[in-house]
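The values are calculated or read from the model by the stated rules, or taken from the named source; none is laboratory data. All values derive from a computational prediction rather than experimental measurement. Note: ideal-geometry Cβ built from the backbone for every residue, glycine included; neighbour counts use all protein chains shown.
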Amino acid sequence: MASTPSQRLRLTPANSPFLPRASRSPHRGRAPQRHDSRLSLKRVIGTTCVSPTGFDAVRSSFAYVAGGAVVVVSLDGNNYGQRFFRARPTAVPLYSTPALPYSTSSPSTPKANDSRNRISLRESALGPNDWAESPTSKTWTSRERIKAATCLALSKEGKFLAVGETGYAPRVLIYGLEDCSPDSPLVSISEHLYGVKAVAWSPDSKFLASLGSSNDGFLYVWKIDPRTGAARLFQQNRCTTYIKGMIWIGNNLITLGVRHVKVWRIDEAQATSPVKQKFIGDMNTTAQPQKKTLPGRNVLLGNMIEATFSCAAAIDDTKAIICSETGDVCLLDDLGKQTKLTHLLESGFVTTCVAIRNGLVYIGGKSGNFATLDLESLLKGSTPCLQMPVGVPTSVGVLAVGFLEDKMVTIDTKHSISVWNQDEISEASSIESVSTPIAGCGDATMGIGSLSQTNVTGAQFYTWSQSGHVILWSTDGAIKSSFQVPLDEAYFEEEPDLINQMATIRATMDGKFFIAGDKLGFVKVIDFVTKKCVSSMKAHSLDCQFIGVYEDDSNLLIASCGRDRTAQLFHRLSNGDFEHFQTLEFAARVSQVLIPSTDKIITCSLDRTVQIHDLVRKEGDPDVLAAVPSRTLSLKASPTSMAMGPDGKTLFVSQTERSVYSFDLDSGKLLKSFKCFDESGADPVILDSLTTRPGTEKEPAFLLGLSNTDKSIRMYDTQTGHFLAREWGHTEAIHGVAMVEEDEANRKAVSVGSDGTIMIWEIDLQDRGWGSVSRESSPAKDVTTPINQPTLRRVLSKSELAEFQRPSSAAGGRRSPPRTLSKRRSLFLGNFSSVATPKTPQPSTPAPMIAEDTPSRRPSGTPSGSPPVSPKARVKRRPSVPMLNSAKTKSNGSLRSFGSLNMSTEQTCRTLRTYRKKLASTDPISQELLAELDQELRLTAVALGDRATRSKAMSDTMLSGLLDQYSERLVSLLDEKLRLGKYRRSSDQETDSTDKRPGSSGTGSSSASTSTISS
């Protein structure tokens, strides 16, 4: 067969006389160094297990997948401990896997350009030696940012854990489970291209099988060193069918899936044959042994040809129970040469998992059904009877089941793990009476909030889902309390399928009240003690986006923002009632609102602005409040999140251009900004859900946030903007992160994601060399339904706002009142008198001047006493090339210096033209506005005169036109001033020369007079 490019590019071809040298890790013989991270995962609540391939149990331990991590739980009586296993994309394994030699193609052998060889090509640029010599040589790129753990398997003696990943460059990782074994992987296998569907250990733990996804199409069997866990490839073959599960029966491997049951036979005494020379002249003096292909044979399905097999459990070394998704229970018998599949019975429900223990077959269903079968009668051929000793059809569905020494473990559809006492299962009537639950989130968690140390709930944080279910948690993963927020029914004739969902929930720090906002715009206040709604207000016409809460001993302020471009303000009265006191309207959708103190409200909107309002109270009535606009901060991009600084005087704003800006609230000035880079100074991300914490003697003040760009939790120094830490674990969108303080020295971060997991991280910033960094210390659908209630609106007018008194601190920041015209009149006349008397003589005109209204020519020489000719009468000659270049250079410099002024001038001209067109309408104009407009036009004319005096950038024609159009009175005063001045004789000469000109008209006189005045 001809050579292919993939064969020629291999670093160590199979026909080479030299055997490939296995890379040696510098960490061999000692435990590898752990990644020095300031965020460490301490607990995972919930699981992402959706099939039996993501769960396994042996002896006194069981394991399950949770996002990008695997949780191994060890039971000791009723107590349990968790251990977490994660591997970064750049993690260096303790033992390397030798490169796979090239094997000749055959009908049942992988092709030369298969996924295995493509993986080798990708890794050829950076071989195993490079990884071992420089663990940090490859940065954490965006393509490798996260890998989800999709399947796992525990060895039968509980010594090793195998984990399969899905994502970019997926791996099969082998960990040691002994107490002295490190958390880093022992072996990392990267032969699968798209993802790993299932992994399984043989009963004697000598072999590990890894099956790729249907796109990957490969099944590998690895021989494992039982002492160290090192792996080498033993056999392989293609398997492109959609597989649902994989188990071992003795020394045979069984794969099952869509219309597929296949038996793969492992031959430990496999023979090897030398590889023949493929090309003449190959320098192959030493033949390499060639491994045989993994043999497999399909099982005849008979009348089950259309079935999809979902789960299986081994009875012994020759028999197994296989179940289909529709509830068929079959027996697989491998006694003879021909493997048989016999249909036994139908369970009557959708089957998701099966397990065998003490002569009973346990079958779990997706709809909550749980049944048992007698194994002895099943093997004898008699028709067994289904028994349902536990569970009811309405309970939660069971996704996986496994057995420990004396307990049974199940994972349900609410992402919860239940541990049952096996002796009590047959006598119990319900699952809840005998199970010890390891709580899960149930629905996808949509948000999180923290509580103070002294709150009435006894919990440290709370989470909520779209259905309105609120759960209060402790940091050890226990549920302290839960309640349901009532949701109003949504009914729209245009959108009948619209469902109301919870959008946001915030609680007071003491936990007495929970404020909830839904998709219909309702804001509800829930009393935690009574679990009842004490106030419900239709605050927004569209979705409620965010809720901000502030409380102290005497005040409780609530602010909400929605998609209707408004922010609603509420407060609690002295009698305990909640009242809406103002509506703030904006030009764009408001993304977040903060109440940092009793006298300020801060909002940010998608028009790239941050608005600061002052909260003021009416004199004599403290229950009457109003928000007065104070300052507007302009941003470079749309904001995503805001947080107050640790000192309470600064504001941190994250933006969509992947940076964080810090502003001073008193002055509104930008203090600093920094890009949200990672530890390598690359791949900036967008931060969200910002939280700040003050520094201590051993720790700096830091900014905590999440990034859905790479699904990570990040920390930055608030003083310098330096990167502090980054960790990951969620495989789907992260919906929130909060800071939980158990005590002054123990702070933890809690993150929640839509994958149904809650991850608790321990923060450790001590002894990191921060001393050098300076830092500061369903009703009826009628017209009375809540959806038809009018939306609250209360926009205060200027007269109403005038009744409130602004705080003294905010008054200093207001601009001074406008200056009157009388103070500028003498200055204006003085400036123009200086314009009329230039210090330098006017240069002579290089070309003759021609008047537009006079047929005769003037002499080429202009008398010294004659006035300058009007600019309208000048004819410009096309300059030469050097003059063009110089003019262009001068123009470019002017534009660079005064670009913003030119743009403002053009905009002003367009506005004035539009205003002149509107003056033709019959709409009345108030006298106050006319007086203000007249004052602004006069001040503009004065400023233009000053500008012409300083820079000479405006032509005489433009200045003359502006003066004639907007200040006729000023021109008359200027003419009188000029006649009384030293230019009286020049003006008389201009008048005499104009009268003596034959055929001159009033237009020429007016033009000359205008030119004299302008000069």
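Among the residues of region 324-339, the ones that are modelled with pLDDT under 90 and surrounded by fewer than 18 Cβ atoms within 10 Å (Cβ to Cβ) come to 4 in all. Can you tell me which residue within region 715-752, out of those that are more than 19 Å from the chain's Cα centre (by Cα) and among the β-branched types (Val, Ile, Thr), is nearest to Thr454 (Cα to Cα)? Only one residue fits best here, namely Val740. Here Met408 clears all of (1) outside any loop (DSSP other than H, G, I, E, B); (2) touching a helix residue (DSSP H, G or I) at 6+ places or on another chain (Cβ under 7 Å); (3) hydrophobic (A, V, I, L, M, F, W, C); (4) modelled with pLDDT under 85 except the condition numbered (4).
Ile280: among the hydrophobic types (A, V, I, L, M, F, W, C) and either at pLDDT 90 or above or surrounded by 14 or more Cβ atoms within 10 Å (Cβ to Cβ) (or both), yes or no? The answer is no for Ile280.
Output yes when any residue across region 631-640 is over 25 Å from the mean Cα position of the chain (by Cα) and surrounded by 14 or more Cβ atoms within 10 Å (Cβ to Cβ), and no when none is. Checked region 631-640: at least one residue is over 25 Å from the mean Cα position of the chain (by Cα) and surrounded by 14 or more Cβ atoms within 10 Å (Cβ to Cβ). Spot the failing condition for Asp488; the list is (1) farther than 17 Å from Val534 by Cα; (2) in contact with a helix residue (DSSP H, G or I) (Cβ under 7 Å, 6 or more places away or on another chain), and only one is missed. Only one criterion in (1) farther than 17 Å from Val534 by Cα; (2) in contact with a helix residue (DSSP H, G or I) (Cβ under 7 Å, 6 or more places away or on another chain) is unmet by Asp488, namely (1). For region 437-474, filtered to residues that are among the β-branched types (Val, Ile, Thr) and in contact with a strand residue (DSSP E or B) (Cβ under 6 Å, 6 or more places away or on another chain), the residue that is farthest from Asn421 (Cα to Cα) is Ile448. Would you call Asp666 surrounded by fewer than 20 Cβ atoms within 10 Å (Cβ to Cβ), part of a loop (DSSP other than H, G, I, E, B) and either over 20 Å from the mean Cα position of the chain (by Cα) or not assigned by TED's automatic domain parsing to the domain that holds Phe522 (or both)? For Asp666, the condition - surrounded by fewer than 20 Cβ atoms within 10 Å (Cβ to Cβ), part of a loop (DSSP other than H, G, I, E, B) and either over 20 Å from the mean Cα position of the chain (by Cα) or not assigned by TED's automatic domain parsing to the domain that holds Phe522 (or both) - is met. Here Ser574 clears all of (1) outside any strand (DSSP E or B); (2) closer than 29 Å to Gln460 by Cβ except the condition numbered (2). Quick check on Ser673: is it out of contact with any helix residue (DSSP H, G or I) (no Cβ under 6 Å at 6 or more places or on another chain), in a strand (DSSP E or B) and on the phi > 0 side of the Ramachandran plot? In short, no. Within region 495-548, the residues that satisfy the criterion of being assigned to a loop (DSSP other than H, G, I, E, B) and of a type in the set (Ser, Thr, Tyr) are Thr508, Thr530, Ser541. In this structure, does Val610 turn out to be surrounded by fewer than 19 Cβ atoms within 10 Å (Cβ to Cβ) and over 29 Å from Asn455 (Cβ atoms)? Here the answer is no, as Val610 does not meet what is asked.
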